[in-house]
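The values are calculated or read from the model by the stated rules, or taken from the named source; none is laboratory data. Only a predicted model underlies this, so the values are computations on that prediction, with no experimental measurement involved. Ideal geometry is used to build each Cβ from the backbone, glycine not excepted, and the neighbour counts take in all protein chains shown. Each accessible area value is taken on the protein alone, full model and side chains, heavy atoms only, with ligands, DNA and RNA left out. Shrake-Rupley method; radii C 1.70, N 1.55, O 1.52, S 1.80 Å.
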There are 6 protein chains.
Amino acid sequence: MRLLVVNPNTTASMTAKIAAAARDAGSAGTEIIAVNPRVGPAAIEGYVDGALAVPGLLEEIGAGEAAGVDGHVIACFDDTGLDAARALARAPVIGIGEAAYHVASLVAGRFSVVTTLSRSVPIIEENLVRFGLAARCARVRASEVAVLDLEKPGTAARERVAAEIAEAIRHDRADAIVLGCAGMADLAASFAARFGLPVIEGVAAAVKLAEAVVGLRLATSKTGAWATPVRRANAARFAVESGADLS
Amino acid sequence: MRLLVVNPNTTASMTAKIAAAARDAGSAGTEIIAVNPRVGPAAIEGYVDGALAVPGLLEEIGAGEAAGVDGHVIACFDDTGLDAARALARAPVIGIGEAAYHVASLVAGRFSVVTTLSRSVPIIEENLVRFGLAARCARVRASEVAVLDLEKPGTAARERVAAEIAEAIRHDRADAIVLGCAGMADLAASFAARFGLPVIEGVAAAVKLAEAVVGLRLATSKTGAWATPVRRANAARFAVESGADLS
Amino acid sequence: MRLLVVNPNTTASMTAKIAAAARDAGSAGTEIIAVNPRVGPAAIEGYVDGALAVPGLLEEIGAGEAAGVDGHVIACFDDTGLDAARALARAPVIGIGEAAYHVASLVAGRFSVVTTLSRSVPIIEENLVRFGLAARCARVRASEVAVLDLEKPGTAARERVAAEIAEAIRHDRADAIVLGCAGMADLAASFAARFGLPVIEGVAAAVKLAEAVVGLRLATSKTGAWATPVRRANAARFAVESGADLS
Amino acid sequence: MRLLVVNPNTTASMTAKIAAAARDAGSAGTEIIAVNPRVGPAAIEGYVDGALAVPGLLEEIGAGEAAGVDGHVIACFDDTGLDAARALARAPVIGIGEAAYHVASLVAGRFSVVTTLSRSVPIIEENLVRFGLAARCARVRASEVAVLDLEKPGTAARERVAAEIAEAIRHDRADAIVLGCAGMADLAASFAARFGLPVIEGVAAAVKLAEAVVGLRLATSKTGAWATPVRRANAARFAVESGADLS
Amino acid sequence: MRLLVVNPNTTASMTAKIAAAARDAGSAGTEIIAVNPRVGPAAIEGYVDGALAVPGLLEEIGAGEAAGVDGHVIACFDDTGLDAARALARAPVIGIGEAAYHVASLVAGRFSVVTTLSRSVPIIEENLVRFGLAARCARVRASEVAVLDLEKPGTAARERVAAEIAEAIRHDRADAIVLGCAGMADLAASFAARFGLPVIEGVAAAVKLAEAVVGLRLATSKTGAWATPVRRANAARFAVESGADLS
Amino acid sequence: MRLLVVNPNTTASMTAKIAAAARDAGSAGTEIIAVNPRVGPAAIEGYVDGALAVPGLLEEIGAGEAAGVDGHVIACFDDTGLDAARALARAPVIGIGEAAYHVASLVAGRFSVVTTLSRSVPIIEENLVRFGLAARCARVRASEVAVLDLEKPGTAARERVAAEIAEAIRHDRADAIVLGCAGMADLAASFAARFGLPVIEGVAAAVKLAEAVVGLRLATSKTGAWATPVRRANAARFAVESGADLS
């Protein structure tokens, strides 16, 4: 099967890291197509980045649908644009945050999330409520590592994430850790070994859930909130050309 | 005070109707500046329309901030882009759905919402959960009237909305009705008289709440989820020029 | 418009402070009529004070209705007697606790409440659940300052409240502070300046919400729980003349 | 043991009926002292009646404490004044609504409540949330029988309650019925026989729970919300002498 | 009345302690029949012990029903097998955890539970959610005392439980303590005296609630989840003879 | 990988049907080992069947662990014994009810469950609450088809399930259907075609989720509620030899 993995930000090194994690997780017959929008925020840190990333993300999802991919993964832990992507697609769409919470709840009674900046904490908390898994999450913790610092070798980013995991184990009664950023995809295995409990990373989790749903021959239900968008006679082509620097 | 009222869709007749409702509700010293984005969906019916409307909406909010308005109103009942707008603005931002729920809860123990298409029902239900007022809402009902049909004289739109209000009164134990679309802004007074219970319309409610919050000299808190967006060295100017027709 | 602001306790200095805050918040055309019951508890600290204050409060609300006021404010942060007052009145009735929570939720993702004695904490927590805004409240904190100590110059009351605000900012991830007593009405502005985040005080918030609801020409819905009280053939005039000292 | 059973309304025939139900439920060694306030509403139908009944109720509770009773029962299904009574008393205080919900949850997975007027439905629903048993309640139904009509022989009151029970069994998936008014205390046994499922009546339930709690030598905790009321230097004797007819 | 009190583990000294607590709590006319299964886990510490204890527990409940007892108590704080026992029995069945939560909520606004091992904490937390009383529970605390250590004189078990109670009072804003193990049945009175707040122990609480429900002539509703088990033509006699040591 | 699929009842034809569904769903490299306990209930219809099935189920899980399987599936829609199995196993354990809810939530905003007997409805509703997905479930419906009737050719069982699906689509605003019994595993594909929306069956869903979790190299967390059972010095071998016919 062919899975489209969209990194909704425009940082190519992160797309490459996500692609590697997705391919590592994918089964033998799974082809991973990893892309990012041409334009948009370089990282998704908060609501404005998230909102500005969605049109480009939808463009990629639309292109994937046209190309006949079997499933889509949105590789931002905030699950940015997930509902809109589902409305646009017929193939299943899985968000990496969502995937990580579902998988964590299958192997641990309680988990804590360790993410990047504190401004992402409320976004993740809302998603947990919406997906129904808030009661399984002990706490969402910020390591105060900027997303793009995870891309830079030689920073203290990795150890700051590790320090926050240690805090979660000590104080949260957490039985597993969920890494709260696509840019942490390469850290899960070593942290699991180091801390001796399940460490779940969303890109791999989403690839496996996408394989599962595609394998079940299920498609996104086209009634309700995810119905195919209304096609209007006067549908204006979407374009924001202003160049306004909102990020 | 000057309030920017943004209709996040691009239908000018609807912006005019919203402007009229806002001016009717505004106090003597309140100046209403009603705008809509230059490009974007002609109506917001579901998640894709909502997502595609946000960049244009944020551009207007950003312009309003630059012009020093005292407060912002987002005139889409789905409260599209509300969090992103709050992150972008320092002045208070009020969504019309949010405003209607808060006001309804002050005059009625239980209310029902009557909106346009059934695809909007889950979006409104999620918002009610997020704003905390779900327990006060008896039911969200769809009249199956398309947003733009509310703009066309001579259609049955108005009577279909009325019929759904009658159902809500008969079956939901509702003590008030919330009209679930900015395009219904001109219907509240006559329905209130006809049905003999409070009928709350969001544009007027949001203008009054914006006046209240501005009058209290309060601004959006800049910690937490609504912190000012991160300004990155490599911040790419946002532009989607593809012209892909996603709506 | 004319707003009746009822301090449900009998401490005149507190009524004067409340009147000042209400007038400071009121718009140009708003006349504030501030009263307190002739008899009843001198302060409302817990359930018994609250219960004993309600008959006198209702008497004032009834007098206000008879005098044709446009709206009522109940100036006790516990929102004592709010439901009964709404059942008695046709004009809108706003509680100051309720008003503060609604306003706080419009400018901050999360807020903490700082109130007087710890016995009031569960009452406030219950109200937050009832109004639907519990999920937005990080924590309700007691400063252990007695209500009437806020009336005495030269006490450490003010600084103890400030110290608790500092704790809320440090530990609760609060983006705004709600002051949890009508007797703190004069402290909001200086604390906002001192701590650099929104500090919401209920008297001002309730006056603005009352203006908003009256401005929307809305009245309390007379179906459901707030229906006009049943008038019985044998309705005994209410009087507790026993002089039992329950407070 | 001696239990004070307070009917918070002033209708003596109802107090007599409550006393009979309480004595029928009480164990051999239990003495029932059934009283009602001297002044106050003749029936409790809605928030205003409830609020006006509380001072008289508290006077009776205070007298019972002074007389050294072992426990108190508040015989109004709305559990009017329960928190204030607990703050005033050292002996346990049990509300009949509360008691009925707890007992029902021990013998049935789901129950429906059948009460008098629809204005009482939201009050009961709120109590169910506060006591934590809302999830066990399928539905609160109004029979639209006025409280005092239950006192009049020859009315259709009894059959209207029965008709509503039949509806609850047919539509609510209810495994038990809770009778939602102290004035229905004499109906439980015959309805249980007629409908073939547990029918719980609050007066009997509360007497048994009071016996249980007293038997466990437990008293109301005097920390938190139910702490002994603050005794103020300037504590005004409580008296509402106005004779204002608010009911 | 005759009450069957089943200790679902096979430790006779614990059954004896439970019997003593039950008899101490029972009223004059109450006969306590205390039993434990012949085979099964020696203590219930976690889900596997709980599951393996249920068949033996049900055998005792079935024997009690056959012998015509008036009510059943399940004397494990995890309320192991409570639903299955209710489906099997016609007489009321009360769990000691459940009983303790209900009783605690009648005398305290908030309580904390102090149990044995941390692996029992999530089980108790789930039960609190199911019984609806989670909102009244401040925190479930583990003393890390093994169940059977409570049976051994001279250990530090008692003082470790006391130390955890002290923590609960200091940090949880708890107005009462619930002892979270049947093996703590002999500790409640001395802890209540020592700490000066209500200390609730489940065996006594369950005996009193069973007396109450039996006294009300109520039986377990036989519709819904607790309907009498389906009797199948091919019903195989239940026997696990493997001797597999799963504990 | 090798997955152990345990049908916890003793009906061999149902085990065969489950095995076929599991093999149909399994990927190329997945070996399905389908078993059922030697003794226990022939079907799981309610709490007693569920409780009596668990020791036999755990014996199979224990044998699977000893044989080194990579994952376990519990093929009863009530998710009987799921927590105990997780405590016993190191390999991941997936329940088919749980799996169906998670998968349904990935392709549909709202789903309804159609199960067998009404006595299973509360069990399923509780599970939905525990797994956090209750808010996504519109309604749990009973078709009143006995489990074993699904095994008999020529009955009306299939059409009664279909009729209930039609009701769910008409009345529940459901965007997908979850089939609520392992014995319906062969019906999903034809119902999906017939009704034109996603129909999720738990056996296939659980096999795919087990493959996903095993593929992620995750094991059940051994802290918290699912810690390895306590091994006691006096651990009695578990055996219920009584032959008491409790089913």
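Okay, here's what the table says:
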{"item": "Matching residues in the stretch F:52-75 - criterion: being in contact (Cβ under 8 Å) with a residue 60 or more places away in the chain and within 18 Å of residue A:198 (Cβ to Cβ)", "result": "F:70, F:71, F:72"}
{"item": "Residue within the stretch C:179-192 that is touching a residue at least 40 places away in the same chain (Cβ under 8 Å) and at positive phi present", "result": "no"}
{"item": "Answer residue from the stretch C:127-150, given it is among the basic types (Lys, Arg) and more than 18 Å from the chain's Cα centre (by Cα) and is farthest from the other protein chains (Cβ to nearest Cβ) among those", "result": "C:139"}
{"item": "Candidate set from the stretch E:37-51 (those that are free of Cβ contacts under 8 Å to residues at least 40 places away in the same chain and more than 7 Å from chain F (Cβ to nearest Cβ)); member that is farthest from the chain's Cα centre (by Cα)", "result": "E:38"}
{"item": "Count of residues meeting criterion [free of Cβ contacts under 8 Å to residues at least 40 places away in the same chain and in a helix (DSSP H, G or I)] in the stretch B:17-36", "result": "2"}
{"item": "Enumeration of residues in the stretch B:63-76 that are away from every other protein chain (no Cβ under 11 Å), open to solvent by 10 Å² or more (accessible area, probe 1.4 Å) and over 15 Å from the mean Cα position of the chain (by Cα)", "result": "B:67, B:68, B:69, B:70"}
{"item": "Scan of the stretch E:137-162 for residues that are on the phi > 0 side of the Ramachandran plot and modelled with pLDDT under 90, ordered by number", "result": "E:154"}
{"item": "Test: residue B:167 is in a helix (DSSP H, G or I), closer than 23 Å to residue C:136 by Cβ and without any contact (Cβ under 8 Å) to a residue 40 or more places away in the chain", "result": "no"}
{"item": "Any hit, the stretch F:196-214, residues being basic (Lys, Arg), open to solvent by 10 Å² or more (accessible area, probe 1.4 Å) and outside any loop (DSSP other than H, G, I, E, B)", "result": "yes"}
{"item": "In the stretch E:108-118, residue nearest to residue D:93 (Cα to Cα) [restricted to those that are surrounded by 24 or more Cβ atoms within 10 Å (Cβ to Cβ) and more than 9 Å from chain D (Cβ to nearest Cβ)]", "result": "E:112"}
{"item": "Residue list for the stretch E:76-131, filter: assigned to a loop (DSSP other than H, G, I, E, B), on the phi < 0 side of the Ramachandran plot and touching a residue at least 60 places away in the same chain (Cβ under 8 Å)", "result": "E:76, E:77, E:80, E:89, E:90, E:91, E:92, E:108, E:109, E:110, E:116, E:117"}
{"item": "Of the criteria (1) under 21 Å from the mean Cα position of the chain (by Cα); (2) open to solvent by 20 Å² or more (accessible area, probe 1.4 Å), which one residue B:185 fails", "result": "(2)"}
{"item": "Every residue from the stretch F:37-49 that is assigned to a helix (DSSP H, G or I) and open to solvent by 10 Å² or more (accessible area, probe 1.4 Å)", "result": "F:47"}
{"item": "Residue B:162 away from every other protein chain (no Cβ under 11 Å), part of a helix (DSSP H, G or I), open to solvent by less than 20 Å² (accessible area, probe 1.4 Å) and touching a residue at least 24 places away in the same chain (Cβ under 8 Å)", "result": "yes"}
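For (1) surrounded by 23 or more Cβ atoms within 10 Å (Cβ to Cβ); (2) more than 14 Å from chain A (Cβ to nearest Cβ); (3) under 30 Å from residue C:91 (Cβ atoms), each residue gets a yes or a no:
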| position | (1), (2), (3) |
| --- | --- |
| B:17 | no, yes, yes |
| B:28 | no, yes, yes |
| B:55 | yes, no, no |
| B:61 | yes, no, no |
| B:78 | yes, no, no |
| B:85 | yes, no, no |
| B:96 | yes, yes, yes |
| B:99 | yes, yes, yes |
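Yes/no per residue for (1) open to solvent by 30 Å² or more (accessible area, probe 1.4 Å); (2) touching an Asp or Glu at 6+ places or on another chain (Cβ under 9 Å):
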residue: B:106; (1), (2): no, yes
residue: B:128; (1), (2): no, no
residue: B:137; (1), (2): no, yes
residue: B:155; (1), (2): yes, yes
residue: B:171; (1), (2): yes, no
